[in-house]
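Read through the structure below, which is laid out as structure tokens, and then see the notes.
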Amino acid sequence: KLARHSGATRVEGIAWNTLGREQLRVRRPDSAEVLFGRAITRLKEAGDLAGYAGALQWRGFLLRTRGELGAAERDLRASIAVGHIAGQLTLGWTEMNLGQVEMALNDWGEARRHLAISRSLLDSARDRWGTATALQAEASVRWAIRDWVGADSLLRDAERDLAQSGNTSQVLDTRVQRLRYALARRDWPRATEMLALARDTTMRGRSAAYVDLDYYDALLA
């Protein structure tokens, strides 16, 4: 409010973007979309292209999670069009989100291309969480094209990066993904191993995210 009254357009845009991210965190996507839209408008008016690209990436991410793939792709490509001025982190996450859009469209070749670019950018920016998330997405692509060995190898790499960064919750996600793949392949020894590791992660991290590990135990039985 103060920024708007004083004509500080860039600061106002940053504030809208921050509010949008908070609304997304508390699961109010409709409010978040409106706030991201305001951020995009203000940051573009202020000539803050890096901030503008970042706000586009967030709205594109939100739209993708809601299944609005065309609108998501529009925002994400507009973000990438800003170029290197957007910064490695923003570009890396934008490329990842575009890869996820292509995954939803079953365009595995384009998905792998975007995810490879994303991994390179996020690795250069030393964003271990981002790099691991891109690895997990690429593992899903490898699984979709029946490359089990490649999928498992990528998930092991993601798990290593996440363990080094102390991200217990996402380590659990990775292990459950490996567990699901092992069950689908009827690889019972690997599934048994991954279920035990997933339970260990849940106990150490006191995570309630996978109270359904009993379900996977039943599937294995």
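The values are calculated or read from the model by the stated rules, or taken from the named source; none is laboratory data. All values reported here derive from a predicted model rather than from experimental measurement. Methodologically, a virtual Cβ is constructed for each residue, glycine included, from the backbone with ideal geometry; neighbour enumeration extends over all protein chains shown. To get the accessible areas, we keep the full protein, side chains included, count just its heavy atoms, and leave off ligands, DNA and RNA. Shrake-Rupley method; radii C 1.70, N 1.55, O 1.52, S 1.80 Å.
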Quiz item: Do we find a residue being closer than 29 Å to V101 by Cα and surrounded by fewer than 18 Cβ atoms within 10 Å (Cβ to Cβ) anywhere in segment 127-137?
Solution: yes
Exercise. Give me the pairs, please: first residue somewhere in segment 47-67 and in contact (Cβ under 8 Å) with a residue 12 or more places away in the chain and on the phi < 0 side of the Ramachandran plot, second residue anywhere and open to solvent by less than 10 Å² (accessible area, probe 1.4 Å) and part of a loop (DSSP other than H, G, I, E, B), beta-carbon distance under 9 Å, and either six or more positions apart or on two chains.
Key: none
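Rundown of residues vs (1) among the acidic types (D, E); (2) touching a helix residue (DSSP H, G or I) at 6+ places or on another chain (Cβ under 9 Å); (3) in contact (Cβ under 8 Å) with a residue 40 or more places away in the chain, yes/no style:
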{"site": "R126", "(1), (2), (3)": "no, no, no"}
{"site": "T131", "(1), (2), (3)": "no, yes, no"}
{"site": "A134", "(1), (2), (3)": "no, yes, yes"}
{"site": "A144", "(1), (2), (3)": "no, yes, yes"}
{"site": "W148", "(1), (2), (3)": "no, yes, no"}
{"site": "E159", "(1), (2), (3)": "yes, yes, no"}
{"site": "D187", "(1), (2), (3)": "yes, yes, no"}
{"site": "T202", "(1), (2), (3)": "no, yes, no"}
{"site": "Y216", "(1), (2), (3)": "no, yes, yes"}
Exercise. Filter the helices (runs of 4 or more DSSP H) completely within segment 1-84 down to those with at least 1 residues that are closer than 26 Å to H114 by Cβ and open to solvent by 20 Å² or more (accessible area, probe 1.4 Å).
Key: 9-25, 29-46, 49-65, 69-81
Exercise. Output the residues belonging to segment 85-103 that are of a type in the set (A, V, I, L, M), open to solvent by 30 Å² or more (accessible area, probe 1.4 Å) and within 14 Å of the chain's Cα centre (by Cα).
Key: L89, M103
Quiz item: Of all residues in segment 163-197 being over 16 Å from S140 (Cα atoms) and among the β-branched types (V, I, T), which is modelled with the highest pLDDT?
Solution: T192
Practice problem: Could you list all residues from segment 105-119 that are over 17 Å from Q57 (Cβ atoms) and open to solvent by 40 Å² or more (accessible area, probe 1.4 Å)? | Solution: L105, N106, D107, W108, G109, E110, R112, R113, A116
Practice problem: Considering each residue of segment 25-54, count those that are under 22 Å from Q88 (Cβ atoms) and within 20 Å of the chain's Cα centre (by Cα), and give that number. | Solution: 6
Quiz prompt | Search result, residues across segment 141-167 that are surrounded by fewer than 21 Cβ atoms within 10 Å (Cβ to Cβ) and of a type in the set (G, A, S) | solution = A144, G150, S153, A163, S165, G166
